[in-house]
Amino acid sequence: MAQEDRPMPNAALRVLLEAIEEVMGLNGTKAVLNAGGLSAYIDNYPPKNLDMEATFAEYGAAQQAVEDFYGPRGARAMLLRIGRATFQFGLRDQPAILGLAGIALKALPEKTRMKLILERMAKAAVERVNQPTSVREEDDAYYFIVDECPCGWRPPHDKSCCFVTVGVLMEAMAWITGKLHKVEEVACISNGASNCVYRIAKEATED
Ligand SMILES: [Zn+2]
């Protein structure tokens, strides 16, 4: 798309590429990097640091290449898995980009913990990932609202396409509550909305 690129930290793209490799294997990842115009990253992932040398366009291109690889129908489940792995690798190696470094959760009520984590992740997105993000609460759900998304550098979509972030948020909620919570992207920049908006149900769907 004809818009100026937007930098993001090396570590953010690295975690995504590691998650793609976890789900698709080494050869699948190579195919994705080639197809996405990211062959410079083959056997050469971005370093584990917060230098702003990766870009939103690259992050979007990697996701788009996964979607193209599996086709729009098959891609959804794979992108969700990649998102869940992205959260786990991020938590393990790069908790700063998730805002979860040194987090100490005391015996807070479950919904308070969910809100706390979402607010920490939004703050880290703003401060570390160059991604304006906020959290809104309603009676039955939290909303995670992202104003600048790599999907803005992807081709337009008929429907929401940011399943990696849906997976990240699902895994974050599972991590903090031990339960599955329904997460839906109810508006998406790639579908013409002004932000990508994720609805996170307060009530768990299952244990
Ligand atoms: Zn989106």
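At-a-glance table
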{"read-out": "Helix 56-93 axis, angle to the chain major axis (alpha carbon atoms, nearest 10°)", "value": "60 degrees"}
{"read-out": "Sparse-neighbour loop sites [GluC sites (Glu not before Pro); the stretch 6-81; at most 12 other C-beta within 10 Å; DSSP]", "value": "none"}
{"read-out": "Sites Trp175 and Glu203, calculated FRET efficiency, Cβ-Cβ separation with R0 25 Å, nearest 0.05", "value": "0.90"}
{"read-out": "Flagged links, alpha-carbon separation over 23 Å, of Lys111/Lys159; Lys159/Lys179; Lys48/Lys123; Lys115/Lys179", "value": "Lys111/Lys159; Lys159/Lys179"}
{"read-out": "Rounded to whole Hz, the Karplus (6.51, -1.76, 1.60) HN-Hα couplings of the stretch 9-22, x for glycine and proline", "value": "x, 3, 4, 5, 5, 4, 4, 4, 5, 5, 5, 4, 5, 4"}
{"read-out": "Spacing of the two label points (7 Å from each Cα toward its C-beta) at Glu138 and Glu4, in nm", "value": "3.5 nm"}
{"read-out": "Gap separating the Cα centres of the stretch 32-93 and the stretch 158-207, nearest whole Å", "value": "18 Å"}
{"read-out": "Helix 163-177 axis, angle to the chain major axis (alpha carbon atoms, nearest 10°)", "value": "30 degrees"}
{"read-out": "Cα gyration tensor shape for the stretch 24-76, rounded if a/c is under 1.5, else prolate or oblate", "value": "prolate"}
{"read-out": "³J(HN,Hα), Karplus 6.51/-1.76/1.60, whole Hz, each residue of the stretch 188-205, x for Gly, Pro", "value": "9, 4, 5, 10, x, 6, 7, 8, 8, 10, 10, 9, 10, 5, 5, 7, 6, 8"}
{"read-out": "Theoretical FRET efficiency, 1/(1+(r/R0)^6), r = Cβ-Cβ of Asn44 and Lys123, R0 30 Å, to 0.05", "value": "0.45"}
{"read-out": "The chain - charge dipole about Cα centre, Lys and Arg +1 at Cβ, Asp and Glu -1, debye rounded to 20", "value": "380 debye"}
{"read-out": "For the stretch 91-196, with +1 on Lys and Arg beta carbons and -1 on Asp and Glu, the positive-most of His181, Gln94, Thr165 along the dipole", "value": "Gln94"}
{"read-out": "Principal-axis tilt of helix 110-128 within the chain, Cα atoms, nearest 10 degrees", "value": "40 degrees"}
{"read-out": "Under-5 Å amide H pairs with Leu180, H placed in peptide plane, nonlocal only", "value": "Thr205, Glu206"}
{"read-out": "Lys202 long-range amide H proximity, modeled H, under 5 Å", "value": "Ala141, Tyr142"}
{"read-out": "Within-11-Å neighbourhood charge of Phe163 [Cβ basis; K, R +1; D, E -1]", "value": "+1"}
{"read-out": "Of the trypsin sites (Lys or Arg not before Pro) in the stretch 22-109, those whose Cβ has at most 16 other Cβ within 10 Å and which sit in DSSP loop", "value": "Lys48, Lys106"}
{"read-out": "Value of Rg to Rh for the stretch 7-206 (Rh from inverse mean 1/r over Cα pairs, i.e. Kirkwood)", "value": "0.94"}
{"read-out": "Total formal charge among the other residues, if their Cβ is under 11 angstrom from that of Leu16, Lys/Arg +1 and Asp/Glu -1", "value": "-3"}
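Read the figures in this text as sums done on the coordinates, not as results from a lab. Quick caveat, the model's predicted, so the values are computed rather than measured. Using ideal geometry, Cβ is built from the backbone for each residue, glycine included, and neighbour counts are taken over all protein chains shown.
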